[in-house]
1. Going by C-beta contacts inside 10 Å, put VAL62, VAL295, VAL376 in order with the fewest on the left.
2. Using 0.36 nm times the number of residues separating THR39 and LYS129, minus their current alpha carbon distance, what extension gain do you get?
3. Take ILE33, ILE45 and order them by how many other Cβ atoms sit within 10 Å, fewest up front.
4. Under 5 Å between amide H atoms, partner at least 5 residues away or on a different chain: which partners does GLY372 have, H built in plane at 1.01 Å?
5. Strictly over 24 Å apart at the Cα level, which of LYS70/LYS357; LYS283/LYS357; LYS64/LYS121; LYS129/LYS299; LYS104/LYS168; LYS289/LYS340 would you flag in this model?
6. Apply the Karplus parameterisation 6.51 cos²θ - 1.76 cosθ + 1.60, with θ equal to phi minus 60°, to every residue of segment 254-266 and state each ³J(HN,Hα) to the nearest whole Hz, in sequence, with x for glycine and proline.
7. For ASN360, enumerate residues with amide H under 5 Å from its amide H, sequence gap 5+ or separate chain, H modeled in the peptide plane.
8. When a footprinting reagent is the concern and you count Cβ atoms within 10 Å, what order do THR332, THR297, THR288 take, fewest first?
Amino acid sequence: MEGLGIYTPTMRLLPIFLLFLALMIKANAQWEIQHSGTTASLRGIDNVGGGVAWASGTGGTVLKTEDGGKHWQVCAVPPGAETLDFRGVQAFDAKTAIVMSSGKGDLSRLYKTTDGCATWKLVFTNPDKDGFWDALQARDQDQLEIAGDSVDRPLVNEKMGHILPVWKYNEGDDPAGDLSDHFFELAALSGESGFAGSNSTLVLGSVPKRDPVWNYQWLATQTPEHSYIHREAEEDTPTCEPCRGERLRVETPMSQGSESAGIFSLAFREDRIGIAVGGDYRKPNDPTKTASYSVDTGKNWVLAVRSPHGYRSAVAYDANARAWISVGPNGTDVSFDDGKNWKPLTPGAGETLGADKDWNALSLPFVVGPNGRIGVLRDRVLK
């Protein structure tokens, strides 16, 4: 009969099926977007653990969460930092953190808080008027290392030459005093410098599975025609008398003959595996030479067989999933074979439009990007 509806038992199950499908789609989404309370471009992120994480970005912006990202607190702006770009943050707990701004000369600064970001203290300003800080790392909250771009001028104590300064700042040092003992020089080539994309071109680490333990420092740099890893290793002994050590400049296969291309992020695992990602930031969709890997603590590097599908600004290792994750403007890639092959980590069909894109930096499970974007990796995505 025309217009007569027919109802069957199968149709009774349709709403249940649609609800199940919606839940499955949501579970497959890769990044859960969080409300940050800011529109700043975020490039600094540090997950302390226990639900505590800190983020930083343009306009003197610093954020903090103590509940795993459910709520983000917009911190007080450090004094005189309203126009600074905080490219790096190193946190230690819910009360203590250090932020690094990047910029020419005295626009590169360190600020420290010990009261949960209610107040800040300026602890160190770049004394080189032409220098530019790229990355901040700390062995503990009193001993920091800051990697800077190359300079070709007197730095301190009339030292001359084209160098890559790595500053060592200790709590209590007088920023206005003699700083000649607070940096070491990496001999640089003309035009050699680093990128300040995600505070991850400088890595401090160790290999505890070796006997004795060795401490390492890796720094990524490039010229238009070459891409390098500076690798410093030192034996860790109770007296360090004598300490064995080595310093190497290792060329990697990631150069593209462009000033805008090279290595933008490094990460190492305790079993000697290292990953470098990058590419050409002016060509975000170009997969050419966007990743390489090392199996010997950075002595040798091999280009990935299948690269991430675009320029990548950050990489990190997820120990639970035994996977490496890299992010960039056009999306996310994952590798389950220690950087040899990468594949796009695509979002679920029901995920917020664009949630898979526009990322700058990682400290898993957190990811940050422009316009105040913060995401958290969903637990089941990599499973």
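Each reported figure results from applying straightforward, stated rules to the coordinates on display, with no laboratory input. Source: prediction; values computed, not measured. When we count neighbours, we look across all protein chains shown, and the Cβ atoms used for this are built from the backbone with ideal geometry, even at glycine.
1. Values: VAL62 27, VAL295 15, VAL376 19.
Ordered from fewest to most neighbouring Cβ atoms within 10 Å, VAL62, VAL295, VAL376 come out as VAL295, VAL376, VAL62.
2. Working: separation 90, 0.36 × 90 = 32.40 nm, distance 3.00 nm.
That works out to 29.4 nm of additional length.
3. Details: ILE33 15, ILE45 29.
Going from least to most buried by this count: ILE33, ILE45.
4. ALA40, SER41, LEU42
5. Values: LYS70/LYS357 21 Å; LYS283/LYS357 15 Å; LYS64/LYS121 17 Å; LYS129/LYS299 34 Å; LYS104/LYS168 19 Å; LYS289/LYS340 12 Å.
Going by Cα-Cα distance, LYS129/LYS299 fall outside the 24 Å limit.
6. Karplus-based 3J(HN,Hα) across segment 254-266 equals 9, 6, 10, x, 9, 5, 9, 10, x, 9, 10, 7, 10 Hz.
7. Excluding prolines and chain starts, which carry no amide H, the hits are VAL368, GLY369.
8. Values: THR332 27, THR297 20, THR288 14.
By the 10 Å Cβ count, ascending: THR288, THR297, THR332.
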